[in-house]
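This report refers to the structure that appears directly beneath it.
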Amino acid sequence: PNPNPNPNPNPNPNPNPNQVTDTVERLCGRPATSVEQFVNEHASEFLPTSYRRLLGRAAGSFGEGAEVVTQPIAVELEALGEGELLIKVLVAGVNGGADTFSVTRAAPDAKDLKLGAEGIGMVVACGGGADVAHFAVGQRVLFLGGGYSEYVRLGAKACFAPPPAAAATTAAGDPAELVALRISGLTAATALGRTATIRKDDVVVVTACCGATGSFAVQEAVARGATVVGTVGSDEKAAAARALGVTRVVNYKAEKLGAVLAAEFPKGVAVAYEGVGGALLKDVVDNLADDGSILLVGSISQYPHNAEPEPHGIEGVADAMDIFRAGETVDLGKGRSIVGNVWGDAFGALEPDGQRTLTAIRDNVYERHGRGELTALVDDVRPGAPRFVGVEQAEAAVAHMLAGRNVGKVVVRVAWRMRSPL
């Protein structure tokens, strides 16, 4: 019999397995490299032979037009051209309206549409040229276009590395939060920080105030000293709205927004951030103060998933989605207006230092989030428990968002707890 049933084969065990030693550097003349770091730095050598992506075709709904296909990764590597990056997608953002319209408004013969609006991922290969010079293999980047894919090849101009404060947050926290900022947060910051003017004590209405962009709009209005009235459809969302700083929460299933505004805010609404349309839009118009403005960020009550789209019933005013798509401004009289282009001049404007205004707003949004000044709500089952995993669940994620079940930004965790970083 063995007198020592648990012999220690290592005569000099390291009492702290997480301790970093300098043994490799002393023996090899270079610092130790972790397996993950090595794989990241040699990404193209560890790529799979194939990957899955969601491609679309013209159809009457997102679910009808989207299909998961498997493609060889070699095709993407061979096609990688100057100014392009190949990115492994970690998290894709869900934008119910944009996702739906990408197939419902496509040309009749459209096919192989790259679906998904925005995401965050890791660079696994770089093409040549000046545009990719400031990107590196292994680097995390945010991007626009083709998010519902395990890998996506994009022009470097559609990608950017998070600012230092945001990058630190990404390393320590949830990258899905940075995805929420990319479109949803930027839209709110531009609309309520540049396009509209909010003054202290103004009454600001935010419909769907616990949605992806609505949750950011609440914070933008609160930061400027406004009194925020927010609409929700459940008790869970009401609690989240109060946590964001909403002064008066209106559950539209139990109360009528118009009656609340008329009784409790008789001076009228100065600014509304409106993405629902229908009766809620009319309630805001009926209670809009002189010189007040309504910023249209969509009209979910009229999206194709509705069996019977809800008209707003405002006399003399065109369909809300027509105003939104055309980016028009509708004059309601007495200085009041409905603004279909919430971005204003931000796309073409420049800052005094020559930087694009939209880029400056974007970077400021990420920096504020990195400093803890801006909360990004992510709609998961609970912290650390993803609701939608894998590109095949994008359809369910879009349906979830369109049904109004989400609290915060809906995301698809394309890569979740994978054994290899690639």
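Scan (1) touching a residue at least 12 places away in the same chain (Cβ under 8 Å); (2) farther than 30 Å from Gly268 by Cβ for the single condition Asp345 breaks and write down its number.
(2)
Please work out if Ala158 is within 19 Å of the chain's Cα centre (by Cα) and over 16 Å from Arg413 (Cα atoms). Don't jump to the end; show me each part of the working.
Numbers: within 19 Å of the chain's Cα centre (by Cα): yes; over 16 Å from Arg413 (Cα atoms): yes.
Yes.
Identify, please: which residue in the range 124-155 is among the aromatic types (Phe, Trp, Tyr) and more than 20 Å from Ala360 (Cα to Cα) and is, among those, nearest to the chain's Cα centre (by Cα)?
Step one: filter the range 124-155 for residues among the aromatic types (Phe, Trp, Tyr), giving 135, 143, 148, 151.
Those still in the list that are more than 20 Å from Ala360 (Cα to Cα) too: 148, 151.
On the way: Tyr148: 13, Tyr151: 18 Å.
Of everything passing the filter in the range 124-155, Tyr148 is nearest to the chain's Cα centre (by Cα).
Of the numbered conditions (1) under 30 Å from Gly298 (Cα atoms); (2) open to solvent by 10 Å² or more (accessible area, probe 1.4 Å); (3) at pLDDT 95 or above; (4) among the acidic types (Asp, Glu), Glu118 satisfies every one except a single condition; which is it?
Tallying (1) under 30 Å from Gly298 (Cα atoms); (2) open to solvent by 10 Å² or more (accessible area, probe 1.4 Å); (3) at pLDDT 95 or above; (4) among the acidic types (Asp, Glu), Glu118 fails exactly one: (2).
State the number of residues belonging to the range 123-151 that are charged (D, E, K, R) and not in a loop (DSSP other than H, G, I, E, B). Reasoning before the result, please.
Of the residues in the range 123-151, the ones charged (D, E, K, R) are 131, 140, 150.
Those still in the list that are not in a loop (DSSP other than H, G, I, E, B) too: 131, 140.
The qualifying residues number 2.
Regarding Gly193, is this residue among the small types (Gly, Ala, Ser) and within 16 Å of Thr375 (Cβ to Cβ)? Walk me through it before giving the result.
Values: among the small types (Gly, Ala, Ser): yes; within 16 Å of Thr375 (Cβ to Cβ): no.
So Gly193 does not fit the description; no.
Select from the range 362-378 the residues that are crowded, with 16+ Cβ neighbours inside 10 Å and without any contact (Cβ under 8 Å) to a residue 60 or more places away in the chain and list them in ascending order.
Residue satisfying the conditions is Arg368 alone.
Only one of these is under 14 Å from the mean Cα position of the chain (by Cα) and within 23 Å of Arg52 (Cα to Cα): Gly185, Gly121. Name it.
Values: Gly185 fails: within 23 Å of Arg52 (Cα to Cα).
Just one listed residue meets the conditions, Gly121.
What number of residues within the range 402-422 satisfy the criterion of being modelled with pLDDT of 70 or more and not hydrophobic (A, V, I, L, M, F, W, C)?
Final tally of qualifying residues: 6.
Among the residues of the range 66-98, write down those that are part of a strand (DSSP E or B), open to solvent by 50 Å² or more (accessible area, probe 1.4 Å) and in contact with a helix residue (DSSP H, G or I) (Cβ under 9 Å, 6 or more places away or on another chain). So that I can check it myself, show each step before the final result.
Initially, the range 66-98 is screened for residues part of a strand (DSSP E or B), giving 66-72, 84-93.
Next, only the ones that are open to solvent by 50 Å² or more (accessible area, probe 1.4 Å) stay: 67-68, 70-72.
Listed by number, the list holds a single entry, Val68.
The values are calculated or read from the model by the stated rules, or taken from the named source; none is laboratory data. Small disclaimer: the values here were computed from a predicted structure and weren't measured. Note: ideal-geometry Cβ built from the backbone for every residue, glycine included; neighbour counts use all protein chains shown. The accessibility values were calculated without ligands, DNA or RNA, using every heavy atom of the protein model including side chains. Shrake-Rupley method; radii C 1.70, N 1.55, O 1.52, S 1.80 Å.
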